[in-house]
Structures are given as C-alpha cells and as structure tokens.
Amino acid sequence: MSKVRIGIIGCGGIANQKHMPAMKNNSDLCEIVATCDIIRERAEKAAAEYGAPGCKVFEDYHDLLADPEVEVVHICTPNVSHSEIAIASFEAKKHVYCEKPMSHSTEEAKKMVEAWKKSGMQFTVGYQNRFRPEVQNLHAACEAGDLGDIYFAQAWAIRRRGVPTWGVFPNKKLQGGGPLIDIGTHALDITLWCMNNYDVDSITGSVFYKLGHLQQATEGNLFGPWDPETFEVEDSAFGYIKMKNGAAIQLNASWALNILESREASTTLCGTKAGAEIHSGMSHTKNELIYNRGRNGQLMEEKLSPVGGVAYFGGGGGEEGTIDNRQWLEAIQSGNSPLVKPEQALVVTQVLDNIYKAAAENKEIRF
C-alpha cells in the first residue's frame, strides 16, 4: 500500500512538538510532501527536517491545496483560522486532521462539519489524550458498565502557573480564548468520551481576568514571566454543564490560579457502582488512574499496575501522539472512521463557546 501524502499547514510549535515527530515515527505509512507557513523560514525548516525528498514549500495554503500530490492536510494554525482552512481543504478534496479545538466558535465549527459531510473525505480533530493508557482503560470500564450510571463528573485543566509565553496563546483575536479553549478542551473531551454522553441541556459559567494583568502573578510561571500588557485572554474559567439525562459536569480550566494541586487533561467520574479519578498534570510525577468502590463491607481504591501498559492497535504502544497519528493514517487507508469523530468535537466547541457566552451574559444558556 502506498504511503499517505501529507501537507502541513502551520509549522509552529504544535506541528514541531506533535504532528511531524509522530509522522516521522509512522514513516512506514506516510510522508510529508508539502509544508506551508506565513513565515517561509519555518516552512523551509520543517521541510528540511521532516519532509520527503523534494518536499514543496508554500507561504499561502491555497497553493498547497492546489497541489494534486497532497492527499491529507494537517491544520496546525491559530484557532480562529481553523474553519476557513478546513472548508477550503474539503472543497479541494483533501482529508483533514485539524488541531484542537475544532474552532473558536459554534458557528464556524458547524460550517466545518457541513463542508466535511459534503466532501466525502475523512475528518478528525487532535484529541490525542484519548490514547493515553489510563484513559483507554477508563473508557473500557465505562463501556463495560463498571461504574454504573455516571451522573456527576469533573473535567480538570488546572495549572497553578503554566501560562504559555510563546506563539499567539494570549492573543484573543487569533485564539478566541485562553485556558478554557486551550487545555479545558482536552479535559472536556476525555470526560464526554468516557461518559459517552453528548446530549447537553444547559450551561452556566464564570470566566475570570484576575491574574493575567498582574506583574507579581508572573512569579514562578513554568515558562518564565509573561507580558501582562499583552495578555488579552482569561486566566481561569469554570463551567457547569447539565446533560439531558440529568447528569452534570463541572469543567475547571486555568493557566494561573492560586491553588495547590495542578491537574491537567484529567477527569473525575462518579457512578452508581463506582467512581474513577485520573490524576495527571504538574502536581503529579506520573499519570494515574484510581477506581474507588465498596467491596466486602469496606471502601477500596484500585490502581493500574505499574508493570506493563494497555496494549491496543495490534499490541502497539508508544507515545499518544504517535498512536493517534497511526490510527488516523490507518483510517484513511482503510476508509474506516477515526476514533475522534467530528460530531463529538463539535459538541466540545459548542460547550466551550457557550461557557464564554453564559459568563459574559450572566445567564444560563439552554441548548
């Protein structure tokens, strides 16, 4: 079977940290035949480090989409540009992997889904945390009914001081928001996926702009001091999501919050038979899954064994970004659906978007 030919649109941080290394690890299935960035030097560097021989370099993504050699595009640009590029890609009959979140707004995300359905192409969104061993284990337990009826959950994306100081993260015009849309999106995706519940009834939220503009708040930031003068997005946000079946989810997201425990891409699930906690983030030296339940007249806690991991995709393992990329490539080659479905990613965007709106308008928003 011939290799999948990929074009990279946006050659900044996430392309270099996740997408292109994953493709290099899966070089038996794919090759990068084109790179594109508005800063040509970045596209040239990406082509030289990761591209196939003769890899083409573009500054305008329309030129990349016009290249018939490109079969698949990976969109690794700021959030507000996702919709425009994805729609153009579907119209050019390219398969699309879009970095999370799907979009900064419900309206634009819906346009992406409509364009995808018309195109007949494959479409997925970058929620690679689903492929972590502990998340896979928890999802399997939920599917088997081990937790019973899951009626309350908390999605955790909390950092004490982890404000990104590179790229366009503090730029509201280009990103659409701060920690809620950046890391809250991963925590919410894990939680909804494990619950297998995407039927939202109503949303309320609180969004805070408290620490981003304070110079003293920059002390101890993991990535060094940020510039309070250019910090335009929220520093923390919280949402309360009611589902149509009566279940509820509390979403907690921050880049900077005066709290002791940092938990990121984590979830807490409470069911009628048992509960489960995933602990990961800056306060935890390793990712951990803990089940809690009553047994033999006592309360018990159960953890994954530190020996071995969860085997999936034919017994393969490895870093979650590489596994995510591999199943995406295999989906393209086989015609099967990728694990992260566009309709699921759309709901995540809708929830995040409406937390911002509920907070701004100080009211409950019903779906």
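The values are calculated or read from the model by the stated rules, or taken from the named source; none is laboratory data. The structure displayed is predicted, hence computed values, not measured ones. Please note: Cβ atoms are built from the backbone with ideal geometry, for glycine as well, and neighbour counts cover all protein chains shown. Side chains included, ligands, DNA and RNA excluded: accessible areas come from the protein's heavy atoms. Shrake-Rupley method; radii C 1.70, N 1.55, O 1.52, S 1.80 Å.
Some values worked out for this structure:
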| quantity | calculated |
| --- | --- |
| Matching residues, the range 45-65, being open to solvent by 70 Å² or more (accessible area, probe 1.4 Å), part of a helix (DSSP H, G or I) and of a type outside the set (Gly, Ala, Ser) | LYS45, GLU49, HIS62, ASP63 |
| Count - residues of the range 270-307 that are of a type in the set (A, V, I, L, M, F, W, C), open to solvent by less than 10 Å² (accessible area, probe 1.4 Å) and touching a Ser or Thr at 6+ places or on another chain (Cβ under 6 Å) | 1 |
| Number of positions in the range 317-340 that are under 21 Å from ALA109 (Cα atoms), among the polar types (S, T, N, Q) and under 14 Å from the mean Cα position of the chain (by Cα) | 0 |
| Boolean, TRP156 is open to solvent by less than 30 Å² (accessible area, probe 1.4 Å) and under 17 Å from the mean Cα position of the chain (by Cα) | no |
| Whichever residue in the range 235-269 is basic (Lys, Arg) and assigned to a strand (DSSP E or B) and, among such residues, is least open to solvent (accessible area, probe 1.4 Å) | ARG263 |
| Condition check for MET1: free of Cβ contacts under 8 Å to residues at least 60 places away in the same chain and more than 19 Å from PRO164 (Cβ to Cβ) | no |
| Test for HIS82: is it touching a Cys at 6+ places or on another chain (Cβ under 8 Å), crowded, with 21+ Cβ neighbours inside 10 Å and not in a loop (DSSP other than H, G, I, E, B) | yes |
| Sole residue being at pLDDT 95 or above, charged (D, E, K, R), within 20 Å of the chain's Cα centre (by Cα) and not in a helix (DSSP H, G or I), chosen from GLU277, GLU343 | GLU277 |
| Every pair of residues 6+ apart whose Cβ atoms lie under 7 Å, when the first sits in the range 174-200 and is more than 14 Å from THR268 (Cα to Cα) while the second is among the aliphatic types (A, V, I, L, M) and at pLDDT below 95 | LEU174/VAL168; GLN175/VAL168 |
| Residue within the range 85-104 that is more than 23 Å from HIS62 (Cα to Cα) and assigned to a helix (DSSP H, G or I) present | no |
| Scan of the range 222-239 for residues that are of a type in the set (Val, Ile, Thr) and within 19 Å of THR185 (Cβ to Cβ), ordered by number | VAL233 |
| Breaking point among (1) of a type outside the set (S, T, N, Q); (2) buried (at least 16 other Cβ atoms within 10 Å of the Cβ); (3) assigned to a loop (DSSP other than H, G, I, E, B), for PHE223 | (2) |
| Pairs where the first residue, in the range 339-367, is under 17 Å from VAL113 (Cβ atoms) and the second is of a type in the set (D, E, K, R) and open to solvent by less than 10 Å² (accessible area, probe 1.4 Å), C-beta under 6 Å, 6+ apart | VAL348/ASP189 |
| Filter result for the condition that a residue is out of contact with any helix residue (DSSP H, G or I) (no Cβ under 6 Å at 6 or more places or on another chain), surrounded by 22 or more Cβ atoms within 10 Å (Cβ to Cβ), of a type in the set (A, V, I, L, M) and under 22 Å from ALA359 (Cβ atoms), over LEU192, LEU188 | LEU192 |
